[in-house]
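Worksheet: the structure to be examined is printed underneath.
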Amino acid sequence: MVSFVDRVVLHVAGGDGGHGCASVHREKFKPLGGPDGANGGDGGDVVLEVDPQVTTLLDYHHRPHRSAQSGGQGRGDMRHGANGDDVVLGVPDGTVVRAQDGTVLADLVGAGARYVIAHGGRGGLGNAALASPRRKAPGFALLGEPGEEVEVVLELKSVADVALVGFPSAGKSSLIAAMSAARPKIADYPFTTLVPNLGVVQAGSERFTVADVPGLIPGASEGKGLGLEFLRHIERCAVIVHVLDCATLEPRRDPITDLDVISAELAAYAPDLDIAGGRVPILERPQLVVLHKVDVPEAKELADFVKPELEARGLRVFEVSSASHEGLRPLTFALAELVAQARAAEPPPAPAPVVVRPRAHGDALFTVTKVNTPDGEAYQVRGDKPERWVRQTDFANDEAVGYLADRLARLGVEDQLAKAGALPGDTVVIGALVGGVIFDWEPTLSAGAELLAPRGTDIRLEESGRRNTRERREQYTSRMDAKTAAREQLADDRDRGVWTDADDA
């Protein structure tokens, strides 16, 4: 059963914005009292936040799809829709967020570090917010924008001070168990350690963490064995400890050869330069060599034989036995000294800068290009504002379409279409060629509401089904006059014998 996951593909979606409401205030004796449709609520964001209680990405391995709450819809009587709640996803310290193409989006180091991975959509405006002196009673509202849908890769890179590297079964797990309170699985077969183990070591007043990286083999930097899966866990480590097995019985294996092979793999593995805490190349960091398992007589002899050659290379060498704890104390204090030096050399953490990216003067808000489609030539309009306005438009409402036409005209889209050579009736696409809004362009677009009254007015305000007192009095008088005239006509007909009662016949 999988218990440790350090790389997952996460699919997230921000909450959709709520739709605005088109409503007219109604009150006794005050018909059509003006627009009172409220705005829709904003959709929630999906946020990644470093949580010290989270140590693995296992939860996202089982549930890779996450979404935030959508905003509520606006209602009449100026009742605004509720904003959707954000979804905060806890991730381990040292999580790197990448796009599918490998671009680093965020490097989350330190408790509380946050990154908004998917923004929620903005709520649509109600007709009360759209009212203006020119358009006193809009009969439409704007739709809420959909939330962002993002697919990212989360990679966990352990945050430790010391990394133990070496061949499988070199005794790294035994060493970390002897140095700290960590209790990793220990066995006498290769690849016992399948996940990185962390241990906390106390040496005098200095406390540091040690990472037991799974065993490396030749070709690990090319993805062989467990190499690439766990080489990234040493990128943030300040000190590298080579654990060399002096008691191995495998042919063509000796401490010098093992060190050369592992060093070559570390040199070939190039961490990303844009990851905070990465030091490139890895071999420029302080290194120590541990000649392990010296409690075995043959291993002790081999360690004494190769130690001068290793020291001639400028490396500090320690003969250590995890079983008898020989050499552990000098090793831990040497590591504490190197860790203290590395911490002192690190610059103090600077607060995250506020990045302001103003639009350069003269930058176009949109572009108009002539493209070829399977159905023929078309003019494609791309830009943040036109595409957002299209998403907010209810195309089932003619007045909303007219409002969109007004906004596009004020932005200059029609002028640019004309300059690009578009003629009335040509195909225009706003947005992507697949999924965009396609229509036949007319320079002067009229919609249903504008055919009845000038754009910006609403003839419904001038219409009323309720009669005032004067109208009711006039209608009553005319009805009484009509009855009197009818009686006089009947009396005249009777006097002339034109009409008689049935009883007189």
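None of the figures in this text is laboratory data; all of them are computed from the coordinates on show. On a predicted model such as this, the values are computed, not experimentally measured, just so you know. All Cβ positions, even for glycine, are placed from backbone atoms using ideal geometry, and neighbour counts span all protein chains on display.
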Exercise. To the nearest 0.05, what FRET efficiency results for D384 and E284 with a Förster distance of 41 Å applied to their C-beta separation?
Worked result: 0.40
For this session: Determine ³J(HN,Hα), in whole Hz, for all residues of the range 419-425 in sequence, where each value follows from phi through the Karplus function 6.51 cos²θ - 1.76 cosθ + 1.60 and θ = phi - 60°; x replaces Gly and Pro.
Result: 5, 6, x, 6, 10, x, x
Problem set entry | Nearby lysines by direct alpha-carbon distance to K419 (threshold 21 angstrom, same-chain neighbours under 8 apart not counted) | K370, K385
Exercise. Could you work out Rg/(2.2 N^0.38 Å) for the range 66-152, with Rg from alpha carbons only?
Worked result: 1.54
Problem set entry | Distant-in-sequence amide H partners of S67 (H built 1.01 Å from N, under 5 Å) | A13
For this session: Please work out the ratio of the alpha-carbon Rg of the range 15-113 to 2.2 N^0.38 Å and round it to two decimals.
Result: 1.64
